[in-house]
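Down below is the structure, laid out as structure tokens.
The values are calculated or read from the model by the stated rules, or taken from the named source; none is laboratory data. All values reported here derive from a predicted model rather than from experimental measurement. Backbone-built Cβ (ideal geometry, glycine too); neighbour counts: all protein chains shown. These area figures cover heavy atoms from the full protein model, side chains too; ligands, DNA and RNA do not enter into them. Shrake-Rupley method; radii C 1.70, N 1.55, O 1.52, S 1.80 Å.
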Amino acid sequence: MSLERLQAGGLGAVRFGLGLAAVARPGYITLGRGEDLPAERTVEALRERTHQLLDAAWAQGVRYFDVARSYGRAEEFLASWLRERPGAGDAVVGSKWGYTYTAGWRTDAEVHEVKDHSAGTFDRQWAETRALLGSRLDAYQIHSLTPDSPALTDTALHRRLAGLADEGVTVGFSSSGPAQAEAIRAALAVTVDGAPLFRSVQATYNLLEPSAGPALAEAHAAGCTVIVKEGMANGRLAGRNATGPDTAALRETAAALGASCDAVALASVAARPWADVVLSGAADVGQLDSNLGAAELRLGPGELDRLAVLAETAEDYWAYRSRLPWT
């Protein structure tokens with residue numbers, strides 16, 4: 001199964017995916033993470049937890065799996081799971097390059113990852129990804145593209161990426177920050193020999209931060225596969241954290257539907273016709289099960305309108321996110 005086959009327009013339904021950012025390294029910025037992971041966050045303990053999540057996701061029909069070079073050992077953990085599960089032949093794998101993991105398997109590292117979108121970093125990280133995932137890689141994306149990234153104007157890099165596309169790898173990018181829409185539109189304009197370079201877009205979109213929505217609709221209309229990350233806003237929309245007056249509409253909607261807050265939050269993303277894959281960032285199987293309850297929900301216009309009151313300005317959202325501690 002290819003990434004394009006997961007497009008909502010091609011199969012008529014949004015597909016949910018599993019991202020490994022929160023479980024393939026000991027430190028991340030999800031709220032309440034200390035309650036979710038094993039007390040001992042050894043490599044083996046997190047490998048086992050990752051494999052448990054992958055097994056549970058696969059059993060419930062999830063076929064898209066998201067990793068990155070900077071997610072600790074995410075590529076390694078996914079690669080070992082794929083080797084041990086020969087029946088998972090139709091798994092679709094996307095990874096990202098452009099950040100280097102620097103935490104040394106610690107939660108208290110001064111710097112957890114370093115961003116560099118140069119051609120040199122691409123060459124190094126592509127070799128590392130290919131060594132681990134080989135032909136199982138379906139999509140390779142620039143990690144957290146912003147309007148000031150040199151990757152938007154580096155024509156030599158564009159040629160390298162076009163070479164991947166010639167080999168059958170979908171070339172894409174992810175975006176982060178308050179100027180996501182600007183970055184997405186700039187990337188859609190990048191061409192090589194007259195053809196669009198990027199065919200997948202992965203962006204943050206959720207009830208608190210919907211600003212990229214129009215640009216993502218444009219990307220989808222242009223034929224890109226749209227993958228949504230951080231639909232839970234790094235845990236802010238989970239029931240245990242959505243307790244204040246600013247999230248009352250989420251709690252009330254969830255209660256009316258007999259659903260969990262996280263399922264409603266993800267269902268609100270899945271309701272967007274341009275959303276092809278909606279990622280769960282679950283850290284344990286219970287969270288995954290609750291997240292995937294979104295697949296059973298169909299939110300109507302009235303419910304989506306009530307939930308729209310949760311939206312913050314993009315600047316406020318990203319400022320809050322920048323203050324989240326690595327735990």
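Descriptive notes on the structure:
- In units of the rule-of-thumb radius 2.2 N^0.38 Å, region 122-201 shows an alpha carbon radius of gyration of 1.06.
- Taking the helices alone, the chain has a mean residue ellipticity at 222 nm of -11000 deg cm²/dmol, built from -39,500 (n - 2.57) per DSSP H run of at least 4 residues and averaged over all its residues.
- Of the accessible area of the chain, computed with a 1.4 Å probe over protein heavy atoms only, carbon and sulfur atoms account for 52 percent.
- Distant-in-sequence amide contacts of S280, defined by a placed amide H-H separation under 5 Å and a gap of 5 or more residues or a different chain, comprise G17, L18, G19.
- With K and R counted +1 and D and E -1, the other residues having a Cβ less than 12 Å from that of E209 yield a net charge of -1.
- Translational D in µm²/s for region 136-271 (Stokes-Einstein at 25 °C, 0.890 mPa s, Kirkwood Rh from C-alpha pairs): 152 µm²/s
- Per residue, the chain exposes 39 Å² of solvent-accessible protein surface, assessed with a 1.4 angstrom probe and all protein chains in place.
- For region 1-98, dividing the convex hull volume of the Cα atoms by the residue count gives 115 Å³ per residue.
- Peptide packing: for 216-227, 162-173, 61-72, the average count of neighbouring Cβ atoms within 10 Å per residue gives the ranking 61-72, 216-227, 162-173, highest mean first.
- Virtual spin-label span in nm between D305 and T327, 7 Å along Cα→Cβ: 3.8 nm
- Taken about its Cα centre, the chain carries a charge dipole of roughly 320 debye when the Cβ of each Lys and Arg holds +1 and the Cβ of each Asp and Glu holds -1.
- Seen from every direction in turn and averaged, the convex hull around the alpha carbons of region 74-191 projects onto 8.5 nm².
- In this structure, the amide hydrogen of T204, modeled 1.01 Å from its nitrogen in the peptide plane, lies closer than 5 angstrom to those of S175, K229, counting only residues at least 5 positions away or on a different chain.
- Distance from the alpha carbon centroid of region 164-178 to that of region 81-101 works out to 15 angstrom.
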